[in-house]
1. For chain A, what is Rg from Cα atoms divided by 2.2 N^0.38 Å, rounded to two decimals?
2. So what's the angle, to the nearest 10 degrees on a 0 to 90 scale, between helix B:182-208 and the longest Cα principal axis of chain B?
3. Between residue A:166 and residue A:11, what is the spin-label point distance in nm, taking each point 7 Å from the Cα along the Cα→C-beta axis?
4. Over the protein assembly as shown, what is the percentage of antiparallel beta bridges among all DSSP beta bridges, to the nearest 5?
5. If I take the Cα coordinates of the stretch B:66-149 and project them onto the principal axes, what are the three extents in Å, biggest first?
6. Given springs between every Cα pair under 10 Å in a Gaussian network model of chain A, which of A:191, A:46, A:63 has the largest fluctuation?
7. Quick one: what do you get for the protein assembly as shown if you divide its Cα Rg by 2.2 N^0.38 Å?
8. Using a 10 Å cut-off around each Cβ of peptide B:77-90, what is the average number of partner chain Cβ atoms that fall inside?
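Each value in this text was obtained by applying a stated rule to the coordinates, not by laboratory testing. None of the values given here were measured: they were computed from a predicted structure. Note that each Cβ is placed from the backbone with ideal geometry, even for glycine, and that neighbours are counted across all protein chains shown.
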């Protein structure tokens, strides 16, 4: 479980997050949705520790992350996997080396054990045919899958995904969404996905938080979202033809 | 104020760079890779520039010292001194600031804007040390070797033009062998070691704090080369005063 309480964050006098309090549940795909510029990426990066909140506290299970020292945070960071919008694979390393990097840095495993673990993760994301390829040689979907493999290689307890299917075709998006959801259930991890893709919301949104102009505007499930009595949320949700059709049914 | 702020950020970054690595083995492997990329990869450029500059210095000296009052061997001697004292350390360092400095700043800058550095940070890696320290160690080891290599190749360039008829090759060799002070080599190599640190740390700094888009990375790369070159000049003066 990840919980944030009364989070405020501003940049150069401009408030981006305003009093956000929300709990993200374990074993579920938690979605943060909102329009571009609404503050959802800042919220995700604050949760993961890339930005310090100006006020408020963040809890990883029972540990208050914001009160920890840099050294203590490192221990929690080893339990965090993150999938960035562009994949953020190290350009100079192959897929295999990218996935192996966390094992090299944080485990004392032998090379054979590391190879076995990397091969398992690559197989899990259906990339076992491409360990020798460099990021520049991969398609968008393959980059995301390699990023997922790297994110799960240390068996994380928390998984963060920043727009995991941006720039992907609808079919590949569904593959990525389903992969993230099945990994979440399989390993019972707390997954937080940042997206503005309504297909993802309707496919895998077990808990949804809607951010609007830096405020938490609404939270609920994918079943609730279609019937929510909230103008800004409705404007966002029903801009998608798919959501309109879903409500029609 | 801006200068002090930049200097402060540079010092903080260097503090991070020189903090204890997570695992020495990883840093060792990365240093070997950087030795190859930044060091061995610069040998061809160093050789080409040094051979031509050595040849040109010899021709210029032959024209300037064309008088019966100065022995011909002084041309070889002057070429040797120029190569050892200034060219093979300072001028080669300026050239490497362009090649290696821009390479480092653009590589790390691109990693910053494509969130690769964020990814390392989330893994719990000290990204500054992981990315910059192996480059600093590799260049501080290899650049003095490049300076020594440049001295030899530059003197060989002078010998080539001497053979082409600029002067008697035997006089040129006599000049090279005339009065050798090993402290000059030490002075040159020490300077190059300091320049290697300046080039790598300054370029790493501008790359690491790049933000925005590819235009900003280009700007960071240019700034890194300009600042490195100016700092090389300033430290050349300081070290020459200190070590004379």
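1. 1.02
2. Here the helix axis deviates by roughly 30 degrees.
3. 1.2
4. Antiparallel bridges: around 50 percent, rounded to the nearest 5.
5. Over the stretch B:66-149, Cα extents along the principal axes are 72, 21, 12 Å.
6. A:63
7. Scaled against compact globular proteins, the figure is 1.25.
8. Across the residues of B:77-90, the mean count of other-chain Cβ atoms within 10 Å is 0.
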